[in-house]
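Have a look at the structure below before the remarks.
The values are calculated or read from the model by the stated rules, or taken from the named source; none is laboratory data. Keep in mind that this is a model prediction, so the values were computed, not measured. FYI the Cβ positions are ideal-geometry reconstructions off the backbone, even for glycines, and counts take in every protein chain you see. Protein only, heavy atoms only, side chains kept; ligands, DNA and RNA dropped before computing areas. Shrake-Rupley method; radii C 1.70, N 1.55, O 1.52, S 1.80 Å.
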Amino acid sequence: MEKINQISQILGETTDVESWLIRAGLKFSDLGDNATSISIRKQWREYQAAVQRCCTTLHQPPSCVQLSGDYAKLRIPSNASTYSEVRAIKFPRRESDSIN
């Protein structure tokens, strides 16, 4: 069955950190003080600076612009390969923990 209104890529940018993290399957509460989380926070600041410059230059809100070129890599948090990588560092898994 085909999906109705299927979007092949993320449209527009955001100024909401939760929305940005959701693109990688993360939540702000998943981040800790480990190296991966610090790297993700740094990428968020770089992303926000790029979005601000783009919006100022184009005189458009974030939802109407899309980063490209060298800045496209900032669109989705990429310093953690998976949600479990961030979570595992913050909350080490025990054998009794189950993955849902």
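Based on the Cβ-Cβ distance from His59 to Leu11, what FRET efficiency comes out when R0 is 22 Å, to the nearest 0.05? For His59 and Leu11, the calculated efficiency is 0.70. Ordered from largest to smallest accessible area (heavy atoms of protein chains, 1.4 Å probe), the residues Cys64, Cys55 come out as Cys64, Cys55. The heavy atoms of Lys27 offer some 110 square angstrom of accessible surface to a 1.4 angstrom probe.
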